[in-house]
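Take a look at the structure set out below.
Please treat every number below as a calculation from the coordinates, not as lab data. Since we're looking at a predicted model, the values are computed, not measured. Methodologically, a virtual Cβ is constructed for each residue, glycine included, from the backbone with ideal geometry; neighbour enumeration extends over all protein chains shown.
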There are 4 protein chains.
Amino acid sequence: MTDHDHSDREEFAHDPIGHAAVDGDMSVSELIEQYGHAGIGATQISEAVDIYAEMLSGDVTNVFGLAGAMVPSGMRQIVADLIRDGHIDALVTTGANLTHDTIEAIGGKHHHGELGDTPTETTEYDEQLRDEGVDRIYNVYLPQEHFALFEDHLREHVFPPLEAEGVVSIQRFTEQLGKANSQINDSEAIDEDGGIAAAAYENDVPAYCPAVQDSVLGLQAWMYSQTSDFSLDALADMTGLNDVAYEAEKAGAMIVGGGVPKNYVLQTMLVVPGAYDYAVQLTMDPPQTGGLSGATLDEARSWGKLEKSARNVSVYADATITLPLVVAGARSQL
Amino acid sequence: MTDHDHSDREEFAHDPIGHAAVDGDMSVSELIEQYGHAGIGATQISEAVDIYAEMLSGDVTNVFGLAGAMVPSGMRQIVADLIRDGHIDALVTTGANLTHDTIEAIGGKHHHGELGDTPTETTEYDEQLRDEGVDRIYNVYLPQEHFALFEDHLREHVFPPLEAEGVVSIQRFTEQLGKANSQINDSEAIDEDGGIAAAAYENDVPAYCPAVQDSVLGLQAWMYSQTSDFSLDALADMTGLNDVAYEAEKAGAMIVGGGVPKNYVLQTMLVVPGAYDYAVQLTMDPPQTGGLSGATLDEARSWGKLEKSARNVSVYADATITLPLVVAGARSQL
Amino acid sequence: MTDHDHSDREEFAHDPIGHAAVDGDMSVSELIEQYGHAGIGATQISEAVDIYAEMLSGDVTNVFGLAGAMVPSGMRQIVADLIRDGHIDALVTTGANLTHDTIEAIGGKHHHGELGDTPTETTEYDEQLRDEGVDRIYNVYLPQEHFALFEDHLREHVFPPLEAEGVVSIQRFTEQLGKANSQINDSEAIDEDGGIAAAAYENDVPAYCPAVQDSVLGLQAWMYSQTSDFSLDALADMTGLNDVAYEAEKAGAMIVGGGVPKNYVLQTMLVVPGAYDYAVQLTMDPPQTGGLSGATLDEARSWGKLEKSARNVSVYADATITLPLVVAGARSQL
Amino acid sequence: MTDHDHSDREEFAHDPIGHAAVDGDMSVSELIEQYGHAGIGATQISEAVDIYAEMLSGDVTNVFGLAGAMVPSGMRQIVADLIRDGHIDALVTTGANLTHDTIEAIGGKHHHGELGDTPTETTEYDEQLRDEGVDRIYNVYLPQEHFALFEDHLREHVFPPLEAEGVVSIQRFTEQLGKANSQINDSEAIDEDGGIAAAAYENDVPAYCPAVQDSVLGLQAWMYSQTSDFSLDALADMTGLNDVAYEAEKAGAMIVGGGVPKNYVLQTMLVVPGAYDYAVQLTMDPPQTGGLSGATLDEARSWGKLEKSARNVSVYADATITLPLVVAGARSQL
């Protein structure tokens, strides 16, 4: 119906889509290769693997942002293993993830539920959970008694050593938390390993938690501060993260979920000369809300948070599905 | 803070969340096992694999709904292979998927693009594509000349044999399309295989396309009908699909995307005594819009489209990521 | 931190964001004006009002696409009134909307439910609805006995007059449906008015329904076709809609929801010389899935469905909220 | 097709859906009434108005959570007016909203852009913005020189008075920010009013900002802390908010967007005997991700953040559209 001179087409690559083929015996790396032939989100997964593998291979300083209910939903080991293998140079996460990480470090368990098709249940259902003392996180369930054990752990092993130091940085707090988690996990031979804070402590990786007060961990810290000299400095950590960014030869950001961790990882580049050379984000938040959680990484270019030449990709799909896939895929290329 | 008698807790299973661990050498089936330990979408992927494997193993009649840009985005081979291996007993898809399936069958290619972070581009970008004669489907690009070749193929090999039959069913039309695709793909030794319609034709699997007129394939059919006796009967196919449902010992629905294919697959159960015993849906459409595309499979229970005892799960994530994963995972259990 | 010569900034308009102010006495048109000062979705609402008002004012041929559960959710009167006031020249909708439109025309009612926070309920809840004979559409409930009355109406007033005509177009079918709805609504003095199909019939507005077989209306038509000469031609309607597009001085598309109606409205421009001069879409479907439902209107430019110079906007929010707002706002400017 | 004894139907209300009708002269309160007849999101808007009006009428302590790019997108005046009219007893917001609130208080402006259909642009586009010194927030643009003026304002009027106080609470910081904004806005007769922080200061409403360090405001505070005794205590504010919650006769939460503000508003109920009696959330974040941002308010019941008897509703749509609508609607009922 149209008659074009096609020789001057600029706006698409002459790179044909292939059709993914799968079988029951394939490896994850073979699956990733198949995604690479395809389009839409599949190609983004493949690109994410490729970029993340490059981030983990070379002389790249890697900052990892972890938001969302990632620990309750079982992503704890993957992050702890990345830390232990030297693949995370600085971690930015939420108080909730550190709370649930600690609950598991001391032997607590989250549980699967008896779900319907989607686990958004009736009011009556949540009222019964309330009566039974079970907290719900979408399709993950936590018996409330674990919060009492969590409190005991903090009051015995975490707050007292810090009290003498007065107002400490949040990173100092997560470091002591990691130390306590590591020791008790070891001494009590807990089934699950020490987890994220413990791995960060053991490997001298700073764990930042800018909104720590927005969590049960923060509520506990506040309660303890009411009867002691202990408190947390909201600003002190920025020096550490900015130094990490400043000293990076090349810098990469792996961002799981949005929220405070995403922006905190990115904004550090506003006060140093450089910007991220690599960025991968795994999120369900769409750009259409205008919020930072779903904002494209190109938007971050306008702010100077990413280099104009940065390699970057966003994968818009459930991070509990994409994080294991991307990490396994990237590891297969190392 | 609360004091409960925990012995009577009913609302969650005492089934602890495990933490997924991944490495670079793992197989897809090992990855799926790791998802099964975890929560949120990861557990839904694992459940989807489990249900789909059961659907493919036993004496289950499987109806497959395929909506969305699945062929342009490289999911064609996966569906064709399922048909060839006897895993699809009836297919319901869109005119667009059959259009793009045919373009590849006769040697056409879709292309990757030179993307930014997300492939939602500026007005100017799409204006240039228009000038260059390239159609865009998110991050997949199709040079328009393939539609002319598609038209030639239909006018040479598909419409003429049907013309003598007068008003035919849509399934008869897709069958002839599949036959023509299969033959030309073979005789011209095209690189990609014959594809979905061809596989359906070769294996006597009915391919239904209720909204065929809503596609370039439909526009071509209409143009041909203007100068011939050829036309399509909108209702005739329902007999075939209802018979499939009626005769099923056990019935399963695999639903990729929403739209007409999803409802058409489900509604057949309104006119037969039974209902689906299994259902898996892979979609990004959320329930919150109230539309049928994102509706939970529980909602389908209220209508009698699913058995009250059906096994079912919805996975809310990009289907170009989840379809290869679920099919590979299910195949590993066969 | 940066030092720019700002005189050559090209990439943003020097048009300040104002801050919306609201009070309890304001009119909808004053509210729309406030949205116009603001950003993100608010500015898109304001732009949608402006474009739709221009579409309704001038010599524009308006094609209206109506997908999603818009009739069950109470959007029926708004669409019927637009038809009656000459603001819709051709309608493209779904079999489901016509089914529920007819149920209300003959005196049936949909119902509010006893909702929790979000109406995605447990499996048990939907099982009980099944036992009680109530069909659920998100938070809207329909007692099943209305489908029996719907069947009676069709078999008495709609199918018999068409039977003599043999295979008819789908538009001829919706026209007869509208006639029957109008007459019975009138003669039985039903509380709700005749509705969308009736208004289309009374005002000689063609109502197209490309996937009519994908609905209870379609199932009824199929059942009737089994024992009569009645059937529906899937292709015949395209002539009518293409003529509407061909003859339009200026053409505008108002698209509510995605699905078949969206594409069918747009694709008609592939076979006529022109393209849409205006387009507004109200949807919750995001572009990120790659599917046509959430595709940007810029993507439609690459295909030639919109003029390169077209005025267009997409509003990504619940259409049951935005449709009343945009229609009221546009009407205030007429 | 089924035969039920309908007298015992329990699972839906016998409350018919009405059909919204709109015209060009209607008031917002008439529009809200029309939404109330309808289903899906429309009924949720109506319910949100009803609950919020009850929250604002009675003896209810109202905590307001404000996340997302609400100030850049023009929602600043609505929030400031609610504070001035006594409708907010405590505010929880983000550092970004306070940053942009202050930029406008001192005479800066955000700008509309020259958008395509959706404002997710190409990499090249954002690279050009970078070169031109313009920061993008979806479809809102901010010339970077305003950050230099913002820095001057903080260094002149906000940090010095606090320096003598040493480590201060974040609320003390936002109070001084509000005082400075109010004074300069007044003395320099800025066009826009003093804004949110100023209104909070003027009306003795505490403004909490748990993740203040995650913003340009926080970066500035950190830089100042490097060369002075000034710093911020991360925990001190919790006493204030918990006291507000403890002393409330009845407590209500209006939550715009998710993120830290949402959880911080809700979690305060974990350490006091009561829980929220009312809650409204306006968000685009879906529950399906499992994150707290999109979590249903029923989930919050399981934690004891909402009373089992609380009135609550979630509206899943763009908050820049729904906030003006809900506030105007609620105000019309006062």
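For the stretch C:37-176, what size does the Cα cloud have along each of its three principal axes, sorted from largest down, in whole Å?
Principal-axis extents of the stretch C:37-176 (Cα, largest first): 51, 51, 23 Å.
For the stretch B:117-200, what is the Kirkwood estimate of the hydrodynamic radius, computed as the reciprocal of the mean inverse distance between distinct Cα atoms, to one decimal in Å?
Computed over Cα pairs of the stretch B:117-200, the Kirkwood hydrodynamic radius comes out at 15.2 Å.
Using a Förster distance of 41 angstrom, determine the FRET efficiency expected from the C-beta separation of B:T239 and D:K308, and round it to 0.05.
With R0 = 41 Å, the Cβ-Cβ based efficiency is 0.20.
Can you give me the Cα centroid spacing of the stretch D:266-334 and the stretch C:134-175 in angstrom?
40 Å
Percent relative contact order of the stretch C:107-218, based on C-alpha pairs within less than 8 angstrom and at least six residues apart?
Reported as a whole number, the value is 21 percent.
D:A148 label points, 7 Å along Cα→Cβ, one per copy: pairwise distances from this copy to the rest in nm, shortest first?
Ordered by distance, the counterparts are at 5.6, 6.1, 7.9 nm.
Compute the label-point distances linking B:D25 to its equivalents in the other copies; points lie 7 Å from Cα along Cα→Cβ; give nm, one decimal, shortest first.
The projected label point of B:D25 is separated from its counterparts by 1.8, 7.8, 8.0 nm.
Compute the Rg to Rh ratio over the stretch C:237-284 from the alpha carbon atoms, using the Kirkwood formula for Rh, and round to two decimal places.
Rg/Rh: 0.96.
So how strong a dipole does the stretch B:66-161 carry about its Cα centre when Lys and Arg Cβ are +1 and Asp and Glu Cβ are -1, to the nearest 20 debye?
400 debye
State, as an integer percentage, the relative contact order of the stretch B:40-152 based on alpha-carbon contacts under 8 Å between residues 6 or more apart.
This gives 23 percent for the stretch B:40-152.
With r defined as the distance between the Cβ atoms of D:D204 and A:D204 and R0 fixed at 51 Å, what FRET efficiency is calculated, to the nearest 0.05?
Using R0 = 51 Å, I get an efficiency of 0.65.
Give the relative contact order (percent, whole number) for the stretch B:263-332; include only Cα pairs under 8 Å separated by 6+ residues.
The value is 38 percent.
Looking only at Cα atoms, what is the convex hull volume of the protein assembly as shown per residue, in Å³?
So the per-residue Cα hull volume is 158 Å³.
Taking each label point as 7 Å beyond Cα in the direction of the beta carbon, state the distances from D:E249 to the same residue in the other copies, shortest first, in nm.
For D:E249, the other copies' label points sit at 6.4, 6.7, 6.9 nm, shortest first.
Which of B:Q144, B:Q226, B:Q34 ends up with the largest GNM mean-square fluctuation for chain B, with Cα atoms connected below 10 Å?
B:Q226
For the cross-link pairs B:K308/D:K308; A:K262/B:K262; B:K179/C:K250, which exceed 32 Å when the distance is taken from alpha carbon to alpha carbon?
Cα-Cα > 32 Å for A:K262/B:K262; B:K179/C:K250; rest within.
Pick from D:L91, D:L177, D:L142: which is most flexible by mean-square fluctuation in a GNM of chain D where alpha carbon atoms under 10 Å apart are linked?
Of D:L91, D:L177, D:L142, the Gaussian network model singles out D:L142 as fluctuating most.
Taking springs between alpha-carbon atoms closer than 10 angstrom, which of D:D126, D:D15, D:D298 fluctuates most in the Gaussian network model of chain D?
D:D15
Would you order B:Y224, A:Y278, D:Y208 from fewest to most other beta-carbon atoms within 10 Å of each residue's own beta-carbon?
Fewest to most other Cβ atoms nearby, the residues stand as B:Y224, A:Y278, D:Y208.
Fewest first, what order do C:V167, A:V71 take by the number of other Cβ atoms within 10 Å?
The order, fewest Cβ neighbours first, is C:V167, A:V71.
Using Cβ contacts closer than 10 Å as the measure, can you line up D:R84, A:R155, D:R130 from fewest to most?
Going from sparsest to densest Cβ surroundings: A:R155, D:R84, D:R130.
Quickly work out the A:A148-to-D:E156 label distance, labels modelled 7 Å from Cα along the C-beta direction, and quote it in nm with one decimal.
5.8 nm
Can you give the Rg/Rh ratio of chain B, where Rg is from the C-alpha atoms and Rh is the Kirkwood radius?
Rg/Rh for chain B comes to 1.01.
How many nm is it between the label spots at D:D59 and D:Q333, if each spot is 7 Å from the Cα in line with the beta carbon?
2.1 nm
Considering the rotation that carries chain C onto chain D, locate the chain C residue whose Cβ comes closest to its axis and report the distance in whole Å.
Per the Cβ-to-axis criterion, the result reads C:A317, 2.
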